[in-house]
Each structure stands twice: as structure tokens, then as C-alpha cells.
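Below: the structure, in C-alpha cells.
Bear in mind these aren't lab numbers, they're just calculated from the coordinates by the rules spelled out. Keep in mind that what you see is a predicted model, and the values were worked out from it rather than measured. Please note: Cβ atoms are built from the backbone with ideal geometry, for glycine as well, and neighbour counts cover all protein chains shown.
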Amino acid sequence: MHRSRSHPRPRLLQLLATGGTGGAQESYTGLLLRLDRSRYEVRALSLSAGSAVSRVRSLGLPVDVIDDADDELAVRELAAWLRREEIDLVHAHMYRAEVIGVRAAVAAGVPVIMATVHSSRVRSESDIALLASLTPSMDRLIVPSESIQRKVVAEGRVGARFAVIPNGVDLSRFASPAPACALRREFGIPASASLLGVVARLEPEKGHRYLIEAMPTILAGAPDTWLAVVGEGSSLGPLRELASALGVAHRAIFTGRREDVSALTADLTVAVLPSLREAQGISILEAMARRVPVVASSVGGIPEVITSGVDGVLVPPADPAALAAAVLELLGDEALRRRIGEAGYATVRDRFSIDAMVRRIQAVYDEELTRAGVVVGDGAGSPAPGGRAALEVPPA
């Protein structure tokens, strides 16, 4: 039973910080598509427009946008929206959604406030202090790995209960053979050539430079190898210059943003993620789901996904020599690639499916909605007075 007579099921808002592309947006979209509409009324809102918003809308789901760069105005507009829509639970995704969403939800008296920490990014002291001050107003903080939980606790984020729920991938996308990938034809890569690939934002924290620095050694040991760098970001220019300076520009292609990432991933010989920090790494889960062997840095939540030598290979971060050695070992042993690829698929199937992620998140929703008195189960008695009292917008 739901406490409100105006709508028969609890109303949830999935609040996204930015409508661009990335692992957080992939996770957000997967959750949004699979939430049980027989149990919840689901709303979606983004604090900016972009390709992620367009994608969700193309899938037939409405998404509202509050595109105001002024945080104070965005908080007030969102608080008014939350009151108008009678939202029972706000689930914020990414930094700005936490900052704007928590303040607006407190002001609007929303009964349940939650957030997912998608990033392992090192933030400024002022940003860390702001998140720490807002955390006591949250009922639950979802993290994709125990590593990220330790990180945010060390940053002073206490006062909310934690739930460790790994990100998941949609295995149905990988149940059938991948469509043909046009990448080799577009860039003149021979069908017989080995193809390495890294799918990640082109930002320093993703560690692309160390993979490019490994390429001279890789090419010395496996001359018929190409590298596809897939993504957009601020490091594009410096990475191109580095590839030229090292004499590997003819074998390192920068594809930009691609709409055929699933097909491209399936065409890789080895997938690489040389990150310096990583909450979990959606791109490696997708490679594993395609049975492509993965080489990744042993940072953040990645060691909670991969057991090195079993379902992937882990290397120290910022170590081009270790990257080159791991890649060359896989390129030189087809049986090893096949074994690790199959084990990687089994790991994703058993532990990191998106259906498992959604079930666990919905269990947290139900627990918090019941705790707040929004939903009353059989024999639970009368609803508690619902939610927080509406307040003036709290200061940043």
C-alpha cells in the first residue's frame, strides 16, 4: 500500500547529472529501462541535454531536462518540480546530480534520498567537503565496489547507509553474434591483423598514454598489430602527438565517439583498460560479455571484477612495460585468449548481469520506502508520517 491517494505506486525520480556519454550514463539507462513499472511510477530527469538523453527518448521513455548552469536556480527549479510531481524517492547519479538533487529533495520534503557514486575521480577539497556535508541527508549511498566505498568513507562521506551493488551489463545484447563492424574497412586494417582496443573517455585518469607508450614494444613483438582508441575527451590532441612522437601513429587510430561499440568490441583481439582510477569499468564488462580477453590496471574496483590469469589479466597502473608484456603474451597464445575470454564471459554472466543489478537496487528502494513510511507492507500497521518536512532550500 502506498501512502498517497493521488498515485497508486511510489514515484521514483532517476536524476542524471549530464546527458553526455560514459559508463554512468550506460548504467543509468539500463536501470531506467528495467525498473518494474508494476511496482513504481518512474520519472527521468537530466541536468543537461545530450546524447544520453536523446538515446533514452529514442527508446520511448520521456526525459525532462533542467538545463540551468546556475546551481542555485537549478536547485529551486528542481525542488518545485519534485513537489509538483509528488516524488517519493530521488536517486541521483553523478556529482552534480548529488549536489543539486539532495538539496532540492530536502527542500521539497522528499521521503527517500539516494545516490550512486559512479566515479573514482579525485575531486577538489571543496567538492569533497560539499559532498560530505550533504551525505547525512541521504538515506542510502550505492557504490559499485568495496574500493569505492573505502574511498568515499575516507573522504568523510558518513551518515548514510551503504549498499555495494556492482554495475551490470545487458547480456541479451551479447546473446547473438555481433553485427559486422565497419572499423577495419574504414581505417584500412587487414582482417588478419591483431586489433587492440580501449573504450574510455579521453581523459588523463583513463591512462591512455601508457598504452600508447607500450605500443613500440608491442609492435616489436607483434608487428601486425593495430590499436583503436575509442572515445572523446580533452586528451585527444596530446595523445595524437604522443603517438606521432613514438612513431606509432600509423598503427594507433582515434575513432572518436562510435555508435557501434558492441560490434567493435567483438572484433577486438584484446581489450585494454589502462586506467589510473576506476570505479569498476563498464567497458571491460562488455568486452568480457563478448568473450574478448581483457588486460586492465589493478586499480579501484577492477580487481573485484577480474581474477588475474583466470578471467582477465591485471597489471600495475602507469606501467607501459607491464602492459606490453601482458598484451604480447595474449597475442602470442590463441588458446590462452580463448580460455580467458570464456572465463570472463562466465564471470559477467554469474556476477555482473544488469538484471541482478536492478533486482538489488529495487530491494534497496523497497527497504528505504518502507523505512520512510511511504510503503506499508502486510501487517505493518498504519503509514508513518511520510518523509522529511519541506524546508527552505539549504545552502551549498
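Under a 5 Å amide H cut-off, with hydrogens placed 1.01 Å from N, residue 291 pairs with 345 among residues at least 5 apart or on other chains. When only the Cβ of Lys, Arg, Asp and Glu is charged (+1, +1, -1, -1), the dipole of the stretch 1-78 relative to its Cα centre reaches about 720 debye.
Which GluC sites (Glu not before Pro) in the stretch 186-260 sit in a loop by DSSP (not H, G, I, E or B) and have at most 10 other Cβ atoms within 10 Å of their own Cβ?
Numbers: sites: 186, 205, 213, 232, 241, 259; in loops: 232, 259.
Those satisfying the criteria are 259.
When Cα Rg over 2.2 N^0.38 Å is calculated for this entry, the matching label among (i) 1.04; (ii) 0.93; (iii) 1.14 is (i). Each residue of the stretch 125-133 was assigned a 3J(HN,Hα) from its phi angle through the Karplus curve 6.51 cos²θ - 1.76 cosθ + 1.60 (θ = phi - 60°); the sequence is 4, 5, 5, 4, 5, 5, 4, 4, 6 Hz, with glycine and proline shown as x.
The loop-placed trypsin sites (Lys or Arg not before Pro) in the stretch 106-161, going by DSSP, that have at most 15 neighbouring Cβ atoms within 10 Å of their Cβ come out as 121, 123.
Our helix-only sum for the chain, with -39,500 (n - 2.57) per DSSP H run of n ≥ 4 divided by its residues, gives a mean residue ellipticity at 222 nm of -12500 deg cm²/dmol.
Phi-derived couplings, Karplus 6.51 cos²θ - 1.76 cosθ + 1.60 at θ = phi - 60°, listed residue by residue for the stretch 112-117: 10, 10, 9, 8, 10, 8 Hz, with x used for Gly and Pro.
If you put +1 on each Lys and Arg Cβ and -1 on each Asp and Glu Cβ, how big is the dipole of the chain around its Cα centre, in Debye rounded to 20?
Rounded to the nearest 20 debye, it is 620 debye.
Within the stretch 231-336, list the trypsin sites (Lys or Arg not before Pro) lying in a DSSP loop whose Cβ has at most 13 other Cβ atoms in a 10 Å radius. Of the trypsin sites (Lys or Arg not before Pro), the ones in loops of the stretch 231-336 whose Cβ has at most 13 other Cβ atoms within 10 Å are 257.
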